[in-house]
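Working notes, beginning with the structure itself.
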Amino acid sequence: MKPRVVLVDDHALLRAGVRGELGTRVDIVGEAGSLADAIPLIKDTDPDVVLLDVHLPDGGGEGVIAAIGPERPGVKFLALSVSDAAEDVIAVIRAGARGYVTKTISADDLADAVLRVAEGDAVFSPRLAGFVLDAFAGQTPVGPGGAPDELDQLTPREREVLRLIARGYAYKEVAKGLHISIKTVETHVSAVLRKLQLSSRHELTRWATDRRLI
(Lines give C-alpha, C1' and ligand atoms only; values in the text may rest on other atoms or scores of the structure.)
Protein backbone atom coordinates (compact mmCIF):
# COMPACT_ATOMS: atom_id res chain seq x y z
CA MET A 1 0.00 0.00 0.00
CA LYS A 2 1.38 3.40 -0.99
CA PRO A 3 2.11 5.84 1.86
CA ARG A 4 -0.20 8.83 2.08
CA VAL A 5 1.80 12.07 1.93
CA VAL A 6 1.15 15.76 2.56
CA LEU A 7 3.51 18.32 0.97
CA VAL A 8 4.23 21.50 2.95
CA ASP A 9 6.26 24.17 1.15
CA ASP A 10 5.50 27.81 0.36
CA HIS A 11 6.58 27.49 -3.28
CA ALA A 12 3.83 26.03 -5.48
CA LEU A 13 6.30 25.32 -8.29
CA LEU A 14 8.49 23.26 -5.99
CA ARG A 15 5.47 21.33 -4.71
CA ALA A 16 4.53 20.56 -8.31
CA GLY A 17 8.07 19.36 -8.99
CA VAL A 18 8.13 17.13 -5.93
CA ARG A 19 4.72 15.74 -6.84
CA GLY A 20 6.06 14.87 -10.27
CA GLU A 21 9.25 13.33 -8.87
CA LEU A 22 7.40 11.10 -6.43
CA GLY A 23 5.14 10.01 -9.26
CA THR A 24 2.98 6.98 -8.55
CA ARG A 25 5.11 5.72 -5.69
CA VAL A 26 3.15 7.63 -3.05
CA ASP A 27 -0.36 9.00 -2.67
CA ILE A 28 -0.28 12.82 -2.34
CA VAL A 29 -3.36 13.59 -0.22
CA GLY A 30 -2.82 17.33 0.29
CA GLU A 31 -0.59 20.37 -0.07
CA ALA A 32 -0.06 23.51 2.00
CA GLY A 33 2.08 26.61 1.65
CA SER A 34 2.05 27.89 5.22
CA LEU A 35 2.03 26.77 8.83
CA ALA A 36 -1.54 28.05 9.26
CA ASP A 37 -2.79 25.98 6.32
CA ALA A 38 -0.65 22.92 7.08
CA ILE A 39 -1.87 22.20 10.60
CA PRO A 40 -5.61 21.75 9.86
CA LEU A 41 -4.82 19.96 6.59
CA ILE A 42 -2.63 17.38 8.33
CA LYS A 43 -5.22 16.86 11.05
CA ASP A 44 -7.94 16.34 8.44
CA THR A 45 -6.01 13.98 6.15
CA ASP A 46 -3.96 12.13 8.83
CA PRO A 47 -1.17 11.16 6.39
CA ASP A 48 1.60 8.66 6.93
CA VAL A 49 4.32 11.21 6.07
CA VAL A 50 4.53 14.99 5.91
CA LEU A 51 7.24 16.24 3.56
CA LEU A 52 8.03 19.53 5.27
CA ASP A 53 10.04 22.64 4.46
CA VAL A 54 11.80 23.96 7.56
CA HIS A 55 11.13 27.64 6.77
CA LEU A 56 7.58 28.77 6.11
CA PRO A 57 6.27 32.34 5.74
CA ASP A 58 4.50 32.24 9.10
CA GLY A 59 6.85 30.08 11.14
CA GLY A 60 9.32 27.21 11.21
CA GLY A 61 8.64 23.63 10.28
CA GLU A 62 9.16 22.64 13.88
CA GLY A 63 5.99 24.60 14.68
CA VAL A 64 4.00 22.25 12.46
CA ILE A 65 5.52 19.24 14.21
CA ALA A 66 4.82 20.67 17.66
CA ALA A 67 1.18 21.29 16.76
CA ILE A 68 0.61 17.86 15.19
CA GLY A 69 2.91 15.44 17.01
CA PRO A 70 1.11 15.09 20.36
CA GLU A 71 -2.30 14.68 18.70
CA ARG A 72 -1.21 12.53 15.75
CA PRO A 73 1.73 10.38 16.93
CA GLY A 74 1.43 8.16 13.86
CA VAL A 75 2.25 11.00 11.46
CA LYS A 76 5.93 11.04 10.50
CA PHE A 77 7.81 14.13 9.32
CA LEU A 78 10.57 14.30 6.73
CA ALA A 79 12.21 17.72 6.34
CA LEU A 80 13.03 18.80 2.78
CA SER A 81 15.01 22.05 2.70
CA VAL A 82 17.52 24.12 0.77
CA SER A 83 19.32 24.65 4.08
CA ASP A 84 22.02 22.31 5.32
CA ALA A 85 22.87 24.50 8.33
CA ALA A 86 23.46 22.52 11.51
CA GLU A 87 21.07 24.64 13.54
CA ASP A 88 18.20 24.03 11.10
CA VAL A 89 18.83 20.30 11.04
CA ILE A 90 19.07 19.98 14.82
CA ALA A 91 16.03 22.18 15.48
CA VAL A 92 13.68 20.16 13.31
CA ILE A 93 15.04 16.79 14.46
CA ARG A 94 14.68 17.78 18.11
CA ALA A 95 11.12 18.83 17.31
CA GLY A 96 10.42 15.27 16.19
CA ALA A 97 11.18 14.90 12.46
CA ARG A 98 12.25 11.41 11.37
CA GLY A 99 14.58 12.65 8.67
CA TYR A 100 16.14 15.61 6.88
CA VAL A 101 17.15 15.79 3.23
CA THR A 102 18.19 18.73 1.08
CA LYS A 103 16.50 19.84 -2.13
CA THR A 104 19.49 18.70 -4.16
CA ILE A 105 18.34 15.11 -3.59
CA SER A 106 17.54 13.02 -6.67
CA ALA A 107 13.97 11.97 -7.46
CA ASP A 108 14.72 8.29 -6.75
CA ASP A 109 16.45 9.06 -3.45
CA LEU A 110 13.60 11.34 -2.37
CA ALA A 111 11.00 8.67 -3.11
CA ASP A 112 13.11 6.12 -1.23
CA ALA A 113 13.46 8.51 1.73
CA VAL A 114 9.69 9.01 1.96
CA LEU A 115 9.05 5.26 1.81
CA ARG A 116 11.67 4.54 4.45
CA VAL A 117 10.32 7.20 6.81
CA ALA A 118 6.81 5.82 6.31
CA GLU A 119 8.14 2.44 7.43
CA GLY A 120 9.69 3.96 10.55
CA ASP A 121 13.30 4.48 9.48
CA ALA A 122 15.29 7.66 10.11
CA VAL A 123 16.71 9.13 6.90
CA PHE A 124 19.28 11.90 6.44
CA SER A 125 21.39 13.30 3.64
CA PRO A 126 24.89 11.84 4.18
CA ARG A 127 26.69 15.06 5.17
CA LEU A 128 24.03 15.86 7.77
CA ALA A 129 24.57 12.67 9.75
CA GLY A 130 27.14 14.27 12.07
CA PHE A 131 24.74 17.04 13.06
CA VAL A 132 22.07 14.49 13.86
CA LEU A 133 24.38 12.25 15.87
CA ASP A 134 25.43 15.26 17.94
CA ALA A 135 21.81 16.23 18.53
CA PHE A 136 20.79 12.76 19.68
CA ALA A 137 23.88 12.52 21.85
CA GLY A 138 22.70 15.67 23.62
CA GLN A 139 25.84 17.57 22.79
CA THR A 140 25.47 21.33 23.02
CA PRO A 141 27.54 23.39 20.57
CA VAL A 142 30.05 25.52 22.38
CA GLY A 143 31.41 28.92 21.55
CA PRO A 144 34.77 30.50 22.32
CA GLY A 145 36.07 29.59 25.77
CA GLY A 146 33.78 26.58 26.11
CA ALA A 147 30.65 28.61 26.85
CA PRO A 148 27.32 27.44 25.38
CA ASP A 149 26.85 28.88 21.92
CA GLU A 150 24.57 31.93 22.05
CA LEU A 151 22.99 30.78 18.79
CA ASP A 152 21.10 28.14 20.79
CA GLN A 153 18.99 30.96 22.22
CA LEU A 154 17.74 31.94 18.76
CA THR A 155 15.03 30.35 16.67
CA PRO A 156 15.97 29.15 13.16
CA ARG A 157 14.22 32.17 11.65
CA GLU A 158 16.04 34.57 14.00
CA ARG A 159 19.37 33.03 12.98
CA GLU A 160 18.43 33.46 9.34
CA VAL A 161 17.57 37.13 9.88
CA LEU A 162 20.76 37.64 11.91
CA ARG A 163 22.97 36.42 9.05
CA LEU A 164 21.26 38.57 6.44
CA ILE A 165 21.30 41.72 8.58
CA ALA A 166 24.94 41.11 9.50
CA ARG A 167 25.78 40.82 5.80
CA GLY A 168 24.46 44.33 5.26
CA TYR A 169 21.03 43.68 3.77
CA ALA A 170 18.36 46.31 4.44
CA TYR A 171 15.22 45.32 6.32
CA LYS A 172 13.23 45.64 3.10
CA GLU A 173 15.61 43.25 1.29
CA VAL A 174 15.48 40.73 4.14
CA ALA A 175 11.69 40.88 4.18
CA LYS A 176 11.50 40.26 0.45
CA GLY A 177 14.04 37.43 0.54
CA LEU A 178 12.31 35.60 3.39
CA HIS A 179 8.77 36.38 2.23
CA ILE A 180 7.87 38.13 5.49
CA SER A 181 6.86 41.68 6.38
CA ILE A 182 9.32 44.45 7.29
CA LYS A 183 7.64 44.66 10.68
CA THR A 184 8.33 40.96 11.25
CA VAL A 185 11.99 41.51 10.34
CA GLU A 186 12.14 44.35 12.88
CA THR A 187 10.61 42.08 15.52
CA HIS A 188 13.17 39.36 14.81
CA VAL A 189 16.08 41.81 14.94
CA SER A 190 14.86 43.22 18.26
CA ALA A 191 14.62 39.68 19.66
CA VAL A 192 18.12 38.82 18.42
CA LEU A 193 19.65 41.96 19.95
CA ARG A 194 17.88 41.30 23.25
CA LYS A 195 18.88 37.63 23.44
CA LEU A 196 22.51 38.32 22.51
CA GLN A 197 22.65 41.41 24.74
CA LEU A 198 23.71 43.66 21.88
CA SER A 199 22.62 47.25 21.41
CA SER A 200 23.00 48.00 17.69
CA ARG A 201 23.19 46.57 14.20
CA HIS A 202 26.90 47.44 14.15
CA GLU A 203 27.51 45.29 17.24
CA LEU A 204 25.46 42.52 15.67
CA THR A 205 27.61 42.54 12.53
CA ARG A 206 30.81 42.47 14.60
CA TRP A 207 29.42 39.62 16.75
CA ALA A 208 28.56 37.59 13.66
CA THR A 209 31.91 38.33 12.00
CA ASP A 210 33.85 37.22 15.10
CA ARG A 211 32.01 33.90 14.98
CA ARG A 212 32.48 33.51 11.21
CA LEU A 213 28.75 33.45 10.58
CA ILE A 214 28.98 35.72 7.53
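Kindly provide the set of residues from the range 41-77 that are acidic (Asp, Glu) and crowded, with 21+ Cβ neighbours inside 10 Å, ordered by number. The answer is Asp48, Asp53, Glu62. On inspection, Ala91 fails the criterion of being open to solvent by 30 Å² or more (accessible area, probe 1.4 Å), of a type in the set (A, V, I, L, M) and under 16 Å from the mean Cα position of the chain (by Cα). Among the residues making up the range 1-14, those that are out of contact with any Asp or Glu (no Cβ under 7 Å at 6 or more places or on another chain) and either open to solvent by 70 Å² or more (accessible area, probe 1.4 Å) or among the basic types (Lys, Arg) (or both) are Met1, His11, Leu13. Asp27 meets the conditions (1) in contact with a Lys or Arg (Cβ under 6 Å, 6 or more places away or on another chain); (2) under 19 Å from Ala79 (Cβ atoms) in every case but one. The failed one is (2). What are the pairs, 6+ residues apart or on separate chains, where a residue within the range 86-97 that is charged (D, E, K, R) has its Cβ under 7 Å from a residue that is open to solvent by less than 30 Å² (accessible area, probe 1.4 Å) and modelled with pLDDT under 80? Hits for this filter: Glu87/Leu151; Arg94/Ala135. Ile180 falls short on exactly one of the conditions (1) within 13 Å of Arg157 (Cβ to Cβ); (2) assigned to a helix (DSSP H, G or I), and that condition is (2). Scan the range 15-31 and tell me whether some residue there is closer than 20 Å to Arg94 by Cβ, open to solvent by less than 60 Å² (accessible area, probe 1.4 Å) and modelled with pLDDT of 90 or more. No, because not a single residue in the range 15-31 is closer than 20 Å to Arg94 by Cβ, open to solvent by less than 60 Å² (accessible area, probe 1.4 Å) and modelled with pLDDT of 90 or more.
The values are calculated or read from the model by the stated rules, or taken from the named source; none is laboratory data. All values reported here derive from a predicted model rather than from experimental measurement. Virtual Cβ from ideal backbone geometry, glycine too; neighbours counted across all protein chains shown. Side chains are part of the model used for accessible areas, which takes the heavy atoms of the whole protein and leaves out ligands, DNA and RNA. Shrake-Rupley method; radii C 1.70, N 1.55, O 1.52, S 1.80 Å.
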